Amino acid sequence: MVKRNQAKLIKFNWRDIVAIVTVVAITATVFVWTLFSMSSDSDVDTYLLARYHNDIICESLPIRDGATSLEYVISFRRDLQDGETYSNTYEDGEVKDVQATDLFNITDPRQVDGYYLIVTSDESDTFEGFSDLVGPQVDVKVYNMGFQVILEESPENVCSKQGFTDNANYPVVCLPNSMFFWLNSSSYDGPDA
Amino acid sequence: MKIRKMTVTAFLVALAIIFHYIESFIPVIVPGFHLGLANVISLFALFYMGWSYYLSVLFLRVILVGLMFTGFGTTFMLSLGGATLSCALTLLLFFFTKTSIYGVSAVSAFSHVLGQILVYIWIVNTSYMMIYLPLLSVLGVASGLILAYLTAYIIKVLPNFDNMQSVRRKNRS
């Protein structure tokens, strides 16, 4: 136990500097460690994961076929209301009408290359009718070993502005639409680990 | 002595809750960040009166604020986690080093933020909250230093706590 003198205790001394520097050092270390442990480049075992509310829509959509990147758009859509129309974010390719449950089963790269997957809300077990999707659609484009949210209807368009990402384990979150995308690498346990 | 201690503690807790209430009118720049005006009272209790006053003021404030304003939900858990870690580090520094009020206040603010983030990570199971630590802790340390300056000023103006009774009697006669 240190013998104390109140007058001395309210004067700044060198121990305070040590304390503050320690705190700043701990903060910097934790920050750098978090940054490095979070992001890693996409590798062979990287797949696209999408989540709507607490349901994982797909956890292993392929983004590459061997050394070449796949290129496709997934469009998550709900039923149209009065005066709404879907936007075309794709220019060519065959438009598929698949269910969310089908999306979950795709693991072979050849099943998606060159195609556009359109997910509708009908008869879907995992989506519960898209009741909370703000806009009529959220479009995600996979290209160049990464992905980008190219269209979403939300007040701030945060994840469109976030742009392209090919970092594994770095999430893209669209809060108004309750959607969550990220590149899932098998060498990492995921955000809920 | 016991009644005096109880009265002083109740007075300080009431002040701390009022400060907490006043603070809710101050707009926050960064979400999740608070100036921590109520921490002035805790620091004052620790450095002017002693550790037992500090402990009771800190935890009674957390519990009473939960009872009166926020309820015993996530906010209360965050508050309690921050207060516990902050209290542990503060008492360690206070008893085993000669760190002055400035260092103690800065470390207390930092550990409060850290405790809150750890509890938040435990609640939502997402370690990404750690990315928020640098911003919050830099702001926290800055506000901690300002609050320490204010508290040191108050302590400087007041007479010694143990002599308070005699000072009062002398003035009256």
Checklist entry - Only one of (1) modelled with pLDDT under 80; (2) loosely packed, with under 14 Cβ neighbours inside 10 Å; (3) not polar (S, T, N, Q) fails for A:Y90. Which number is that? => result (2)
Checklist entry - Can you find a residue in region A:62-73 that is within 14 Å of chain B (Cβ to nearest Cβ) and either under 30 Å from the mean Cα position of the chain (by Cα) or at pLDDT 80 or above (or both)? => result no
Checklist entry - Right, B:S24: surrounded by fewer than 21 Cβ atoms within 10 Å (Cβ to Cβ), on the phi < 0 side of the Ramachandran plot and among the hydroxyl-bearing types (S, T, Y) or not? => result yes
Checklist entry - Tally time: how many residues in region A:152-175 are among the charged types (D, E, K, R) and closer than 17 Å to A:F76 by Cα? => result 2
Checklist entry - Can you tell me which residue in region B:87-115 is farthest from the other protein chains (Cβ to nearest Cβ), limited to those that are in contact with a Gly (Cβ under 6 Å, 6 or more places away or on another chain) and buried (at least 24 other Cβ atoms within 10 Å of the Cβ)? => result B:H112
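Yes/no per residue for (1) within 13 Å of the chain's Cα centre (by Cα); (2) not in a helix (DSSP H, G or I):
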{"position": "B:T7", "(1), (2)": "no, no"}
{"position": "B:V13", "(1), (2)": "yes, no"}
{"position": "B:A16", "(1), (2)": "yes, no"}
{"position": "B:F33", "(1), (2)": "no, yes"}
{"position": "B:G36", "(1), (2)": "yes, yes"}
{"position": "B:L91", "(1), (2)": "yes, no"}
{"position": "B:F94", "(1), (2)": "no, no"}
{"position": "B:G103", "(1), (2)": "no, no"}
Checklist entry - So, in region B:53-69, of the ones that are out of contact with any helix residue (DSSP H, G or I) (no Cβ under 6 Å at 6 or more places or on another chain) and either buried (at least 20 other Cβ atoms within 10 Å of the Cβ) or without any contact (Cβ under 8 Å) to a residue 24 or more places away in the chain (or both), which residue ends up nearest to A:N5 (Cα to Cα)? => result B:I63
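The values are calculated or read from the model by the stated rules, or taken from the named source; none is laboratory data. Predicted model only: the values in this text are computed from it and were never measured. All Cβ positions, even for glycine, are placed from backbone atoms using ideal geometry, and neighbour counts span all protein chains on display.
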